[in-house]
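For reference, the structure is listed below as structure tokens.
The values are calculated or read from the model by the stated rules, or taken from the named source; none is laboratory data. Computed from a predicted model, the values in this text were never measured in an experiment. Quick reminder, even Gly has a Cβ in these numbers, built from the backbone with ideal geometry, and neighbours come from all protein chains shown.
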Amino acid sequence: MTLLSPTLFPRIITIYSTTLLSKKIIYEGQLESFLTQLKDYYYKNKYFYIVRPEITHTQFNTILRQICKKNNIHIENKIKYENSKYSPEYHIFLK
């Protein structure tokens, strides 16, 4: 095992603001195609999450967490207090 082995240092993706991420995806028009691609693979009993007429950033977070859980991807949620507001910060650990 080398010093820079992926098992010692997994890749970490940090999403600081899922609100901004979901707004960007909606603004760029990528949300519809993303949800359409998910339809074939998504849980049938949780299908209503991806067929809603409008998706809020909280519902987008739920979809993101469910995808990570299904694929055994470790995700941590930390609450940040900034500018008199609480906002979630997600750390996604990829191996």
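Under the condition of being of a type in the set (Val, Ile, Thr) and not in a strand (DSSP E or B), which residue from the stretch 3-54 is modelled with the lowest pLDDT?
Thr7
Select from the stretch 79-95 the residues that are surrounded by 10 or more Cβ atoms within 10 Å (Cβ to Cβ) and within 15 Å of Leu20 (Cβ to Cβ) and write down the one among them that is nearest to the chain's Cα centre (by Cα).
Out of the qualifying residues, it is Tyr90.
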